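Engineer: One structure coming up, written as structure tokens, with questions to follow.
The values are calculated or read from the model by the stated rules, or taken from the named source; none is laboratory data. Just so it is clear, the structure is predicted and the values come from calculations on it, not from any experiment. Every residue, glycine as well, gets a Cβ built from its backbone with ideal geometry; the counts of neighbours run over all protein chains shown.
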Amino acid sequence: MKGSNGIFRLPVLSSLCWTVWQRDMDVYKKTFKVNFVPPLLEPILYLVALGFGLGFFVKEIEGISYTRFIAPALFSITTMYAAFFECTYASFVRMYYQKAFDAIIATPVNIDEVVAGELLSGATKAFINGGIVLGVIAAFGLVDLRYVMVLLPFGFFAGILFAALGMICTAIVPSIDSFNYPIFLFITPMFLFSGTFFPMSILPEPVVVLAYAVLPLTHVVKIARGLTLGAPETSLVLSFLWITVVSVITSILAINLMRRRLIQ
Amino acid sequence: MSVVVAQHLVKKYGEFTAVDDISLEVQKGECFGFLGPNGAGKTSTMKMMYAVSPITAGQLFILGLDVKAHPREVKRRLGVAPQEYNLDPDFSVLENLLVYARYFRIPRSDARARAFQLLDFFHLMEKKDSVVEHISGGMKKRLILARALINEPELLILDEPTTGLDPQARHLIWEKINELKSRGITVLLTTHYMDEAERLCDRLVILDQGKILAEGEPKKLVQEFIGDEVVEVVPSDLESALTALKVDSEGMRFQVNGKRIEILSKNPREIVPRLMNQLKLENLSLRRATLEDVFLHLTGRELRE
């Protein structure tokens with residue numbers, strides 16, 4: 001109960017947040033057989049439909065084949081959806097319908113740790129689903145294998161950011177139906193305009209600047225593409241820093257906004 | 001030793017005052033009740049006691065610890081059975097206990113041993129592998145109690161432990177609470193069932209609108225506010241009976257409850273002849289006074305939502 005109620009208050013965290021993560025992982029293990037199919041099938045569908053279908057007409061983008069161009073985007077999009085959905089719909093159900101967080105905060109675990117644990121779960125799902133997609137695109141020969149061991153943990157890292165963004169939505173939506181708004185206004189535009197299916201360079205300069213400033217997926221795609229192509233440039237460090245800073249800020253915001261919602 | 005010490009405790013939600021300057025002490029081994037209508041501030045008080053709801057003003061010490069300064073340590077030594085069914089529906093009965101034990105960092109093997117003891121104690125062993133959603137309301141309440149005991153707490157907080165249960169399920173839970181009491185666990189309990197309070201509580205407070213209206217042992221409260229017995233009259237003509245009572249009401253108080261008049265007096269048996277012969281009241285009966293009479297006397301009869 002220490003400290004003020006500000007939205008930038010530093011969270012009070014201990015290793016107990018991993019007990020919340022473990023809870024979510026126990027549930028995930030029970031349903032793994034159902035859970036791992038979509039991230040396995042989805043990239044195959046996209047690769048066939050867009051990569052080989054649309055790619056038949058596109059031939060080359062920036063000197064590479066279209067399938068090679070969209071492969072890192074499929075990985076990035078998967079981490080975004082996995083983490084964002086985990087910390088919106090799934091967390092909201094646990095918070096609102098199952099009253100699971102109320103039960104946990106009656107134990108030594110505090111609300112900050114509950115939310116942090118949920119963010120870790122979201123990032124872990126991004127890591128797992130991203131890893132499955134990575135396996136698929138690697139099987140199609142679309143990944144520079146030297147960078148697989150960098151891309152894997154990067155899925156978790158990007159996952160934290162999307163988990164925090166999702167959790168902020170969970171903290172402020174009045175009902176579960178309201179998630180349509182952030183998805184329609186934020187997630188879907190990101191899915192389309194973050195250098196995913198066409199290069200950012202064809203967009204007008206101000207739009208590109210704006211996209212890099214406010215759309216997290218642009219940075220994730222940029223890093224993933226640099227790594228899958230086996231040609232990371234030094235400018236990726238800037239994207240890495242952008243993700244780090246924004247992840248820290250949004251995670252703190254998410255924890256404090258959830259605290260505001262749940263502690264009265 | 002005092003397990004709970006509350007001094008001028010206040011809880012406000014914005015402008016609304018839910019708990020309004022409550023002071024009380026609970027001794028080790030006691031079962032202490034919080035009785036009150038809906039919205040009296042019972043749950044708000046409990047939530048401050050188990051350190052999930054910030055205290056607006058006042059002091060609160062649980063097991064000698066300042067709740068404001070040591071919420072984590074307080075929660076480590078408490079067992080909480082909340083009012084709502086917040087079991088984890090993604091897990092089985094046994095898993096619910098094991099997952100909860102992990103929040104206390106109880107080692108896995110200890111947790112399993114304790115979980116099996118508790119399942120046995122609460123007659124849930126047969127259901128240990130059932131999904132929580134598929135067990136009855138009474139079983140869920142028992143599982144919530146079992147879960148509250150997984151960390152071997154020194155103080156147990158029960159927020160309406162039997163609300164919504166059938167009589168058999170309630171009796172089983174009462175029996176278990178009494179067993180826990182006999183082991184020396186201190187119990188805080190909220191309820192709006194008078195029979196539950198009379199049966200379980202050594203002492204209790206009656207709360208209304210965030211304030212303590214009365215405090216003491218159930219029997220003594222009945223004695224103090226009502227007396228031994230109550231005379232009930234069901235007159236054929238309520239108006240004329242009331243008029244007659246108002247003329248000659250020396251040594252008695254009365255209140256109307258629907259078509260019934262309840263007459264309170266220090267010597268109810270002595271006023272019965274007077275009521276029958278002089279006031280010509282009919283349909284009289286004498287019954288033992290209960291905590292419910294005290295409760296309604298103090299909190300009034302209007303409906304609370």
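Engineer: When you look at B:GLY58, is it touching a strand residue (DSSP E or B) at 6+ places or on another chain (Cβ under 6 Å), closer than 29 Å to B:LEU165 by Cα and either more than 8 Å from chain A (Cβ to nearest Cβ) or of a type outside the set (Val, Ile, Thr) (or both), yes or no? First the steps, then the outcome.
Structural biologist: Details: touching a strand residue (DSSP E or B) at 6+ places or on another chain (Cβ under 6 Å): yes; closer than 29 Å to B:LEU165 by Cα: no; either more than 8 Å from chain A (Cβ to nearest Cβ) or of a type outside the set (Val, Ile, Thr) (or both): yes.
Here the answer is no, as B:GLY58 does not meet what is asked.
Engineer: For the range B:103-138, which positions are part of a loop (DSSP other than H, G, I, E, B) and small (Gly, Ala, Ser)?
Structural biologist: Of everything in the range B:103-138, those that are part of a loop (DSSP other than H, G, I, E, B) and small (Gly, Ala, Ser) turn out to be B:SER130, B:SER136.
Engineer: With the checklist (1) surrounded by 11 or more Cβ atoms within 10 Å (Cβ to Cβ); (2) within 13 Å of another protein chain (Cβ to nearest Cβ); (3) at pLDDT below 90 in hand, flag the one item A:ILE44 doesn't pass.
Structural biologist: Every condition holds for A:ILE44 apart from (2).
Engineer: Would a scan of the range A:95-110 turn up a residue that is at pLDDT 95 or above, over 15 Å from B:ASP88 (Cα atoms) and part of a helix (DSSP H, G or I)?
Structural biologist: There is no residue in the range A:95-110 that is at pLDDT 95 or above, over 15 Å from B:ASP88 (Cα atoms) and part of a helix (DSSP H, G or I).
Engineer: Checking A:ASN180 against (1) of a type in the set (S, T, N, Q); (2) surrounded by 19 or more Cβ atoms within 10 Å (Cβ to Cβ); (3) more than 21 Å from A:LEU142 (Cβ to Cβ): exactly one of these is not met. Which one?
Structural biologist: (2)
Engineer: Mind checking which residues of the range A:99-123 are touching a residue at least 40 places away in the same chain (Cβ under 8 Å) and either charged (D, E, K, R) or over 30 Å from B:TYR50 (Cβ atoms) (or both)?
Structural biologist: Once the filter is applied, which keeps residues that are touching a residue at least 40 places away in the same chain (Cβ under 8 Å) and either charged (D, E, K, R) or over 30 Å from B:TYR50 (Cβ atoms) (or both), the range A:99-123 yields A:ASP102, A:ASP112, A:GLU113, A:GLU118, A:ALA123.
Engineer: Okay, moving on. Please report, ordered by residue number, the strands (runs of 3 or more DSSP E) entirely within the range B:141-222 with at least 3 residues that are among the small types (Gly, Ala, Ser) and under 12 Å from the mean Cα position of the chain (by Cα).
Structural biologist: Strands (runs of 3 or more DSSP E) meeting the threshold: none at all.
Engineer: If you don't mind, there's one more thing I want to ask. With the checklist (1) modelled with pLDDT of 95 or more; (2) over 21 Å from A:ASN5 (Cα atoms); (3) assigned to a loop (DSSP other than H, G, I, E, B) in hand, flag the one item A:PRO174 doesn't pass.
Structural biologist: (2)
Engineer: Go through (1) surrounded by 15 or more Cβ atoms within 10 Å (Cβ to Cβ); (2) of a type outside the set (D, E, K, R); (3) within 14 Å of chain B (Cβ to nearest Cβ); (4) assigned to a helix (DSSP H, G or I) and name the single condition A:VAL34 misses.
Structural biologist: With respect to (1) surrounded by 15 or more Cβ atoms within 10 Å (Cβ to Cβ); (2) of a type outside the set (D, E, K, R); (3) within 14 Å of chain B (Cβ to nearest Cβ); (4) assigned to a helix (DSSP H, G or I), A:VAL34 is out only on (1).
Engineer: Take the range A:192-216 and flag every residue that is surrounded by 11 or more Cβ atoms within 10 Å (Cβ to Cβ) and part of a loop (DSSP other than H, G, I, E, B).
Structural biologist: A:SER194, A:GLY195, A:THR196, A:PHE197, A:PHE198, A:PRO199, A:LEU203, A:LEU215 - these are the residues of the range A:192-216 that are surrounded by 11 or more Cβ atoms within 10 Å (Cβ to Cβ) and part of a loop (DSSP other than H, G, I, E, B).
Engineer: Residues being in a strand (DSSP E or B) and closer than 16 Å to B:LEU296 by Cα: count how many of those fall in the range B:238-264.
Structural biologist: Number of matching residues: 10.
Engineer: Ok, one more. Looking at the range B:88-135, which of its residues are more than 14 Å from chain A (Cβ to nearest Cβ) and of a type in the set (Asp, Glu)? Working first, answer last.
Structural biologist: To start, the set of residues in the range B:88-135 that are more than 14 Å from chain A (Cβ to nearest Cβ) comprises B:93, B:109-110, B:112-128, B:130, B:134-135.
Within the range B:88-135, B:ASP110, B:ASP120, B:GLU126 qualify.
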